[in-house]
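Encoded as structure tokens, the structure appears first; notes follow it.
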Amino acid sequence: MKRRFLHLDFKGIVPRFDRLEEYLRYFRQCGFEGLVLEFDCRVRWRSWPCAAMPVYTPEEAARIVRLAESLGFETIPLMQIQGHLEWALGDDSCAGLRENGTLTLCPSAPGSEEQLLAWMDELRTIFPRSRYIHLGADEVARIGLCPACRARLERGETKFQLYSTHVKKFCAAAEKSGFRPLVWGDMLLAEPDPTEAAKTLPESTVIVDWKYWGKGPFGSTRKLRDSGREVWGASGLQCAWYEHFRQILPFYEDRLENILGWNEFDGTVIHTTWGRSGNKYAFYPPWLMSLPLFAAAGDPEKWERHPWRERIGELSRLLRRALEFELVKVPAKIRAWPASCRLEEESREYIALGVEYQIAANRLLEIVADHDAQLASSRFVGIDRETMLRDLVEAPRKLRRDVENLLPKLGAVFDRNGLVGKEEFLAEIGSQFRRLDTVKPLELP
Ligand SMILES: [Zn+2]
């Protein structure tokens with residue numbers, strides 16, 4: 001069956017409880033049939049009292065789920081059973097669950113099974129009607145390091161068996177709680193024979209093949225399907241950390257290629273919306289940057305007629321060319337895009353600010369490079385005082401002023417939309433401009 005689900009990763013920038021409904025209604029309007037909710041560190045879990053940065057109470061989480069279902073979404077909780085538990089294992093109260101001191105969960109540690117089962121029980125109370133649970137189980141980087149796991153390896157188990165035994169245990173627990181289990185496919189695909197690896201999981205397991213770059217169909221999906229297990233696809237609607245160190249907009253055309261490619265898949269697709277690369281990484285920007293992508297992912301046919309479709313294409317081309325004299329005209333044009341609701345108005349404003357940020361980030365690199373080049377050439381040709389003052393004193397001063405004006409406007413987007421993480425986001429995206437401190441007027445002879 002062909003269904004389009006939306007995954008939301010809450011460890012990033014998220015709306016506070018009372019501001020979430022507007023998004024859920026918008027996502028439903030976009031055409032998504034289901035929501036995969038990865039609450040991560042954002043719920044004050046009873047089963048994980050150490051949860052690092054909670055935004056919602058368990059009662060609020062349950063209300064979010066009820067609201068989503070009342071809007072017509074199928075809901076799927078996403079937990080983690082081994083990797084990507086950094087938010088919990090980083091707390092010393094959970095030190096006993098660490099794989100040899102790392103922030104990966106040890107499957108042999110006393111108490112790890114009980115801990116995860118307690119979490120699954122709590123998720124069951126928050127998602128009482130859900131048919132599926134996503135167990136995560138992706139990107140487990142550290143396996144078999146502690147004395148207990150090493151002993152199992154010495155007794156003949158392979159590292160993959162340490163992993164798959166653990167996954168199977170929780171697939172069975174999920175079934176017992178009335179959930180059909182989903183797992184990410186990457187650990188299976190890392191095996192020499194992914195088809196055989198997938199066959200080690202119970203037949204009812206749904207394997208999700210995430211491929212965030214390029215256009216499907218992907219060979220990996222076929223290999224997983226050859227195991228006889230049901231396979232769903234997953235796009236990267238919002239992902240890729242390196243897009244966000246010196247820009248606060250995505251590469252729209254790359255995201256669209258991936259999303260629209262997956263939408264041609266003859267099965268269920270989860271469009272993933274990541275908040276960070278991991279708990280200990282910088283934020284990805286707010287969902288507002290991705291509104292056009294939600295529209296394209298939810299209903300590609302509607303997207304064909306969307307008034308933003310051609311505009312986003314043009315914007316992508318201009319951002320890639322990165323010519324300031326072209327880009328300076330763009331924010332005013334974006335602010336005049338037609339908007340059909342308040343969220344689209346806010347998205348349009350965020351995208352316009354994103355272009356202004358890009359102009360500043362590009363100029364920063366020019367100024368730093370200009371400084372280094374003038375410093376090098378001055379040893380051969382000397383210094384032209386006027387040029388030096390213009391490029392290395394006036395230009396940095398103007399850029400500092402521009403950034404000082406821009407950051408509060410981005411902060412205001414957080415305030416108007418009830419988003420968490422304003423100070424952190426502004427600190428991250430403002431940090432690179434400290435490099436201006438290294439630009440100094442050259443010494444005149
Ligand atoms: Zn271990």
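Summary table
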{"item": "Residue selected from the range 91-113 under the condition surrounded by 19 or more Cβ atoms within 10 Å (Cβ to Cβ) and in a helix (DSSP H, G or I), by the criterion farthest from the ligand (Cβ to nearest atom)", "result": "94"}
{"item": "Tally of residues being closer than 19 Å to residue 175 by Cβ, of a type in the set (A, V, I, L, M) and either free of Cβ contacts under 8 Å to residues at least 40 places away in the same chain or not assigned by TED's automatic domain parsing to the domain that holds residue 142 (or both) across the range 101-130", "result": "0"}
{"item": "Boolean, residue 347 is under 24 Å from residue 286 (Cα atoms), of a type in the set (S, T, N, Q) and not assigned by TED's automatic domain parsing to the domain that holds residue 285", "result": "yes"}
{"item": "Those helices (runs of 4 or more DSSP H) lying entirely in the range 288-363 with at least 2 residues over 26 Å from residue 405 (Cβ atoms)", "result": "291-298, 300-304, 309-321"}
{"item": "Residue 46 being more than 29 Å from residue 340 (Cα to Cα) and crowded, with 22+ Cβ neighbours inside 10 Å", "result": "no"}
{"item": "Filtered residue count, the range 138-169, keeping only those that are outside any loop (DSSP other than H, G, I, E, B) and away from the ligand (no atom under 16 Å from the Cβ)", "result": "1"}
{"item": "Any hit, the range 2-9, residues being modelled with pLDDT under 95 and either surrounded by fewer than 20 Cβ atoms within 10 Å (Cβ to Cβ) or outside any helix (DSSP H, G or I) (or both)", "result": "yes"}
{"item": "Of all residues making up the range 360-387, the number that are crowded, with 17+ Cβ neighbours inside 10 Å and on the phi > 0 side of the Ramachandran plot", "result": "0"}
{"item": "Odd one out for residue 88, checked against (1) within 17 Å of residue 166 (Cα to Cα); (2) in a helix (DSSP H, G or I)", "result": "(1)"}
{"item": "Qualifying residue in the range 119-137 (condition: under 17 Å from residue 98 (Cβ atoms), away from the ligand (no atom under 15 Å from the Cβ) and outside any loop (DSSP other than H, G, I, E, B))", "result": "yes"}
{"item": "Residue within the range 175-190 that is more than 16 Å from the ligand (Cβ to nearest atom), within 18 Å of residue 224 (Cα to Cα) and surrounded by fewer than 16 Cβ atoms within 10 Å (Cβ to Cβ) present", "result": "yes"}
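The values are calculated or read from the model by the stated rules, or taken from the named source; none is laboratory data. These numbers were taken from a predicted model, which means no experiment stands behind them. We place every Cβ from the backbone using ideal geometry, glycine too, and count neighbours over all the protein chains shown.
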